[in-house]
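Contents: one structure, followed by commentary.
The values are calculated or read from the model by the stated rules, or taken from the named source; none is laboratory data. Because the structure is a prediction, the values reported are computed rather than measured. Ideal geometry is used to build each Cβ from the backbone, glycine not excepted, and the neighbour counts take in all protein chains shown. The protein model used for the area step is the full one, side chains on, heavy atoms only, and it has no ligands, DNA or RNA in it. Shrake-Rupley method; radii C 1.70, N 1.55, O 1.52, S 1.80 Å.
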Amino acid sequence: MKVKHAIVLSGGGFKGAFQLGAINALSQSADRLFPDGHMFFDIVAGVSVGSLNGALLAMQKLDALNDFWVKVAVNGTKEIFTSPFIDAESGSDEPKFKPDMEQLKTLCPGFGLPKIGLDEMIKLAFMGSKKREKYIANLIGEALKPLLKGKNALRGLADNTPLRDKLRQQLDKNAINGSQYYCGFVSLDDGQYHSVLHSDFTSNEDFVNGVLASTAMPVVWPPVPNIGFAGRAAVNSVDGGIRNVSPLGDVVAAINRDNDPDVEYRVIIINCNCGLDQADFSEGNVASIALRALNDIAITEIFDNDLAMFLKINDLVDQAEERGVKLMDYNHQNGQRAARPFRSFETMIIQPDPGALGDTLAMNPELYERRMAHGYAKAQEAINQFLREQEMQQVRA
């Protein structure tokens, strides 16, 4: 029986260094895990930072992936984004928020604080309190219009142009040979989720934009305007995790399209999150609340719930097969009821200890080293456990 390998990479922002540590451990143990002693994945799928790591992994550019993360660790978050609200150079273990008027003017032409002349200042001094409040509110409203309306309106808390430029330098869809790489994103215009095979992107620029969209956490990053694939186009696209889907579902769907009866699949899942860390948001601002709600809670919980469901179904299929029973997956296509048997997979899960990785949007050399080392250690634990189970199965057989 031939064994193929699939890898699923979750989101997690700068916690993605954990995935890199785990991937390096898998590579160093390739002689024990992969048939020819070389780390190779037949199917690769990721969301958010997992899509970025996955793209370079599918291209078999592990050295380039390590170099990418070293630069981010040394130079900080400004390697990925600039922001008028998030301090990309703080080097803190938590994101720092600050208003930067010069960046706001750059990102949103026409924005500026109102200028009050001497005559207006004199009028203000003699106005009643209610009139003064109304006058100031009108001034602020006029100043904010360029941020909220028109084609130059601010579309995210941060500008990810630095990341886009790096993706343009590194990504080449034609360099993916033998693997299937899936990139998932959602169009804000129609709400549709798209899981796109690398070879189906219309051009390499569309491939770059697909990965960029998959990393685009809503509110934080601006949506990607247009992505061409398979004779279609997705408009204003963001992270696929905002829908009730995950790259785990993309991998299972790809496996089900492989009708070779002599192939078994081994699925490796590297999850950057393990539940939610406790935090105090009584003093939270709009940026920190948006990040917590959309990324830490919504997208993370979606992935964790999908993982739990996958493992539950996998266990049920194994138990049924031990009793000679096949569980069937029923669905309706073209008005007809279709069925295929559920498949079970050898599964390895690598995920961090709760609270071990720090904040999603924080990066500094110490956090990088900690995340990398933790990813490597947790992968080694998972590898050893997986190999022990393999030996036990062989003994029972």
Lone unmet requirement of (1) at pLDDT below 85; (2) open to solvent by less than 10 Å² (accessible area, probe 1.4 Å) for PRO99: (2)
Yes or no: segment 170-189 includes at least one residue that is at pLDDT below 90 and surrounded by fewer than 22 Cβ atoms within 10 Å (Cβ to Cβ). yes
For segment 372-397, give me each residue that is of a type in the set (Gly, Ala, Ser) and within 9 Å of ALA25 (Cβ to Cβ). GLY375, ALA377, ALA379, ALA382
Hey, could you check segment 356-367 for residues that are under 30 Å from ARG266 (Cβ atoms) and buried (at least 20 other Cβ atoms within 10 Å of the Cβ) and say which is modelled with the highest pLDDT? LEU357
Out of the residues in segment 251-267 that are within 24 Å of ILE383 (Cβ to Cβ) and either touching a Ser or Thr at 6+ places or on another chain (Cβ under 7 Å) or open to solvent by 70 Å² or more (accessible area, probe 1.4 Å) (or both), which is modelled with the highest pLDDT? VAL267
Any pair with Cβ under 9 angstrom, 6 or more apart, that starts in segment 59-78 at a residue that is closer than 28 Å to GLY178 by Cβ and ends at one that is buried (at least 21 other Cβ atoms within 10 Å of the Cβ) and of a type in the set (D, E, K, R): MET59/LYS173
Exactly one condition in (1) modelled with pLDDT under 95; (2) farther than 18 Å from LEU157 by Cα; (3) of a type outside the set (D, E, K, R) is not met by ILE86; state its number. (2)
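For (1) hydrophobic (A, V, I, L, M, F, W, C); (2) assigned to a strand (DSSP E or B); (3) touching a residue at least 24 places away in the same chain (Cβ under 8 Å); (4) open to solvent by 40 Å² or more (accessible area, probe 1.4 Å), each residue gets a yes or a no:
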residue: TRP221; (1), (2), (3), (4): yes, no, yes, no
residue: ILE227; (1), (2), (3), (4): yes, yes, yes, no
residue: VAL235; (1), (2), (3), (4): yes, yes, yes, yes
residue: ILE269; (1), (2), (3), (4): yes, yes, yes, no
residue: CYS274; (1), (2), (3), (4): yes, no, yes, yes
Considering residues of segment 24-66 that are modelled with pLDDT under 95, outside any helix (DSSP H, G or I) and on the phi < 0 side of the Ramachandran plot only, the residue surrounded by the most Cβ atoms within 10 Å (Cβ to Cβ): GLY46
Going through GLU301, GLU321, GLU346 one at a time, which residue ends up being of a type in the set (D, E, K, R), surrounded by 12 or more Cβ atoms within 10 Å (Cβ to Cβ), more than 25 Å from GLY46 (Cα to Cα) and at pLDDT below 90? GLU321
Please go through segment 4-21 and give me each residue that is touching a Lys or Arg at 6+ places or on another chain (Cβ under 6 Å) and surrounded by fewer than 24 Cβ atoms within 10 Å (Cβ to Cβ), ordered by number. HIS5
Could you tell me whether LEU197 is open to solvent by 10 Å² or more (accessible area, probe 1.4 Å) and without any contact (Cβ under 8 Å) to a residue 24 or more places away in the chain? yes
